[in-house]
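Structure first, then comments.
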């Protein structure tokens, strides 16, 4: 019989579902930004050579996600346009939920989910599994690669990172260059300037009302604009720029 899950129950059973996978694991989520616990569990399943499929729907992976994924041999990733489903399956159970595989959602949002056991609801599990397979079939498998180039200059100490995502017939690339002398900084660079981790600064910006969470994304508010923040569109989605030396 299917089991209802609240926010904490969904997070707990998701970890258990990953940990207990012994044959296959399917992860379907629009947003792909993993916390350290989920990464540890996936790395462990990868060491055991479990077949892992991850389907995501927002093509804005950061270099750290790309670098982490490309080293895991038994994880295959696919990009599915217009994906909004959130579903997690192993060979014995599955979870259908509102929870994005996105760290902010797991920590801050009120979520719901349903846990389905294959041995108790065989038809329901089979229908869910077949739909997950359909989503995989219509997705484009992505091969992750990351090239990091660092140039050190005694005056500017500029770091350049180039991340590229290669699909079967298309290569998408983005180059991010940050220099401490810029008057506007990305959230990550501002965090570094202020001595915070990026997540810590995001939490402070959320608490101050400069950002708000919408569908797993952090969006600039009117208060954030008044404080000097600007929203920019990049190849892989919107991002925020802040005044250098900004105090939060």
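The values are calculated or read from the model by the stated rules, or taken from the named source; none is laboratory data. Predicted model, so just to flag it, every value in this text is computed and none were measured. Using ideal geometry, Cβ is built from the backbone for each residue, glycine included, and neighbour counts are taken over all protein chains shown.
Based on what the data block shows, is residue 40 outside any loop (DSSP other than H, G, I, E, B) and either closer than 22 Å to residue 132 by Cα or modelled with pLDDT under 90 (or both)? It is false that residue 40 is outside any loop (DSSP other than H, G, I, E, B) and either closer than 22 Å to residue 132 by Cα or modelled with pLDDT under 90 (or both). Tallying residues that are within 14 Å of residue 241 (Cα to Cα) and either surrounded by 20 or more Cβ atoms within 10 Å (Cβ to Cβ) or free of Cβ contacts under 8 Å to residues at least 24 places away in the same chain (or both) within the stretch 189-204 yields 7. For the stretch 181-201, the set of residues classified as part of a helix (DSSP H, G or I) and touching a strand residue (DSSP E or B) at 6+ places or on another chain (Cβ under 6 Å) consists of 187, 189, 190, listed by residue number. The single condition among (1) in a loop (DSSP other than H, G, I, E, B); (2) buried (at least 18 other Cβ atoms within 10 Å of the Cβ); (3) out of contact with any strand residue (DSSP E or B) (no Cβ under 6 Å at 6 or more places or on another chain) that residue 100 does not satisfy is (3).
Taking each residue of the stretch 11-22 that is without any contact (Cβ under 8 Å) to a residue 60 or more places away in the chain and looking for partners that are buried (at least 18 other Cβ atoms within 10 Å of the Cβ) and assigned to a helix (DSSP H, G or I) with beta-carbon atoms closer than 6 Å, six or more apart or interchain, yields 19/41. Among the residues making up the stretch 50-79, those that are crowded, with 19+ Cβ neighbours inside 10 Å and closer than 18 Å to residue 216 by Cβ are 54, 55, 56, 57, 58, 61, 65, 77, 79. Exactly one residue out of 59, 82, 119 is under 18 Å from the mean Cα position of the chain (by Cα), farther than 19 Å from residue 10 by Cα, at pLDDT 80 or above and not in a strand (DSSP E or B): that is 82.
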